[in-house]
Amino acid sequence: MAIIDTAPPEKTLFGHPTGLTWLFTTEMWERFSYYGMRVLLPIYLTGYLLLPGHAEHVIGYHTMKHFLEGIRGPLGVQPLESMIYSLYTGFVYFTPLIGGYLADRFFGRRYTVVIGGILMAIGHFMMAFENYFFFALLFLILGNGGFKPNISSQVGGLYKPGDQRIDRAYSIFYVGINLGAFLGQEFAGNIGEGLAWKYGFGSAGVAMLIGTITYLFAMRQLPNDRPSRKQVVTAAVPRTPLTGKDWWAVVLLCLFFIPCTMFWATYEQSGNTIELWTRDLVDRSVGNLFTISVTTLQSVNPVMIFTFTAGVVALWSWQERRGKEPSIINKMTIGCALIALSYLLLAGVQYLAGPTGKVYWVWAIVYFGILTVGELYFSPVGLSLYAKAAPRQLGSLMMAVFLATSFPGNLLAGYIGSYWDGMDKVRFFLMIAAIIGATAPIIWLFNIPIRRIVNTASDASVVVPEAPYPAPPA
């Protein structure tokens, strides 16, 4: 059946579809809420909620503690915090699998995003009431499942297959993520750390409401979830079955899930044990002028993301013109190597400082600098990979697969982080470096098969509207 192209001329801003600007802004506010709450979580749990006199009043506390001690053994305050933190950050990236499936099959991406935004706003406001802490986390986890995969996959939907702007689009989108992360950590984090926890969590809820309202205004600028009747010659739109190549792409992207998990198991220490390291083992004083807050040091990473992104994208463009731009897999391999280097640096400076000595705050900045470049070579490139290589019928679901690598990654990060209090810090950092260092060559081995499926997808000459649900195998 012939497809009639009735699409109007593309409206662009700075060389990209205007829809990218709306998605950028929406994601910025959502990330404000997520990171503003997350940066408070370790110090809120270890410095307040899990202490005697508070923990007993949290509904479900004893049940949760008993469950986690069945996995890890007896848990003090810091190990318990690490396990709770990892459960939250892990399930935040598991529920997108469900949200992506529901959007592809039933509700469409746009309406699923709106529902997810509302649930997350409710969860953030519930965080202000300590008794309902675990219920608040549940709302945040479910809401993120509807929001995250469907807004990320809509970025790819703004571009036709083979459009070379898509890599840069995801890098630009990643700036929005990290601009929101900076604002959230700097404002909500410092409000919560300096004034009262409930005000920090409440500001995250306000940001989520702003993001949801922004998205409602943006919906007309975004791709339709379903083809309209005007796009086809007949009224019925057939389900497009997955081909053998499509199924091979799905299998390969699912296998790639495993090494991606190890990236997040090491990277996510930056928001958990590294936050405790900066609180306890970093000299944060700037002469006799002032002391840098823990949340401000955490906001260095997102600041560097949107500072360094332009330079990294320019480097890739320069390499492309000379035919030397690294492949997607090579970029992700470089990213893993840089994460390993960042933890080797921490092991070195902590060794020189001694077991309980304090490290000058400048070294924390250097660590975040190396970590940031590694992240830029891995995370936005991974989003682009799954957008390029996934069958169009499974766009949201396969985007959710990549996002879901953070689920086991964060669970493993929390388990590893639970040894922070009882382990020599130099050995701890060397352990993290060894894990991610061993992952880099495994990712590199995916070069040839990944290149083949990406090239096959880019060579598609006919654009078929996405089906609202995945088709069964032929």
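The set of residues from segment 424-440 being surrounded by 15 or more Cβ atoms within 10 Å (Cβ to Cβ) and not polar (S, T, N, Q) comprises 425, 426, 428, 429, 430, 431, 432, 433, 435, 436, 437, 440.
Results for (1) buried (at least 23 other Cβ atoms within 10 Å of the Cβ); (2) under 14 Å from the mean Cα position of the chain (by Cα); (3) of a type outside the set (S, T, N, Q), shown as yes or no for each residue.
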{"site": "125", "(1), (2), (3)": "no, no, yes"}
{"site": "129", "(1), (2), (3)": "no, no, yes"}
{"site": "151", "(1), (2), (3)": "yes, yes, yes"}
{"site": "156", "(1), (2), (3)": "yes, no, yes"}
{"site": "171", "(1), (2), (3)": "no, yes, no"}
{"site": "179", "(1), (2), (3)": "no, yes, yes"}
{"site": "188", "(1), (2), (3)": "yes, no, yes"}
{"site": "192", "(1), (2), (3)": "yes, no, yes"}
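Considering only residues in segment 187-246 that are at pLDDT 85 or above and among the polar types (S, T, N, Q), the one that is farthest from residue 48 (Cα to Cα) turns out to be 214.
Taken across segment 308-318, residues that are farther than 22 Å from residue 171 by Cβ and in a helix (DSSP H, G or I) do not occur at all. With respect to the conditions (1) touching a Phe, Trp or Tyr at 6+ places or on another chain (Cβ under 6 Å); (2) surrounded by fewer than 24 Cβ atoms within 10 Å (Cβ to Cβ); (3) modelled with pLDDT of 90 or more; (4) closer than 25 Å to residue 307 by Cβ, residue 362 falls short on a single one, namely (1). Filtered by the rule that a residue be over 18 Å from the mean Cα position of the chain (by Cα), buried (at least 22 other Cβ atoms within 10 Å of the Cβ) and not in a helix (DSSP H, G or I), segment 387-420 gives 390, 391, 418.
The C-beta contact set for segment 369-393 (first residue farther than 23 Å from residue 159 by Cβ and free of Cβ contacts under 8 Å to residues at least 40 places away in the same chain, second residue among the small types (Gly, Ala, Ser) and part of a helix (DSSP H, G or I), distance under 6 angstrom, 6+ apart or interchain) comprises 370/342. Are there any pairs with C-beta distances below 6 angstrom linking a residue in segment 278-301 that is within 20 Å of residue 420 (Cβ to Cβ) to a residue that is surrounded by fewer than 16 Cβ atoms within 10 Å (Cβ to Cβ) and aromatic (Phe, Trp, Tyr), with the two at least 6 apart or on different chains, and if so which? That search, which allows pairs on different chains as well, returns 283/360.
Of the residues making up segment 305-349, those that are surrounded by fewer than 22 Cβ atoms within 10 Å (Cβ to Cβ) and more than 28 Å from residue 450 (Cβ to Cβ) number 5.
With respect to the conditions (1) within 20 Å of residue 119 (Cα to Cα); (2) surrounded by fewer than 20 Cβ atoms within 10 Å (Cβ to Cβ), residue 70 lacks only one, and its number is (1). Kindly indicate whether any position in segment 36-56 is under 26 Å from the mean Cα position of the chain (by Cα) and of a type in the set (Ser, Thr, Tyr). Yes, segment 36-56 contains at least one residue that is under 26 Å from the mean Cα position of the chain (by Cα) and of a type in the set (Ser, Thr, Tyr).
For (1) at pLDDT below 80; (2) closer than 27 Å to residue 386 by Cα; (3) not in a helix (DSSP H, G or I), each residue gets a yes or a no:
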| residue | (1), (2), (3) |
| --- | --- |
| 117 | no, yes, no |
| 124 | no, no, no |
| 131 | no, no, no |
| 137 | no, no, no |
| 149 | yes, yes, no |
| 163 | yes, yes, yes |
| 166 | yes, yes, no |
| 170 | yes, yes, no |
| 180 | no, yes, no |
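Applying the set (1) surrounded by fewer than 21 Cβ atoms within 10 Å (Cβ to Cβ); (2) closer than 25 Å to residue 47 by Cβ to residue 107 leaves exactly one unmet item: (2).
The values are calculated or read from the model by the stated rules, or taken from the named source; none is laboratory data. Note that the coordinates shown come from a computational prediction; the quantities given were computed from them, not determined experimentally. Please note: Cβ atoms are built from the backbone with ideal geometry, for glycine as well, and neighbour counts cover all protein chains shown.
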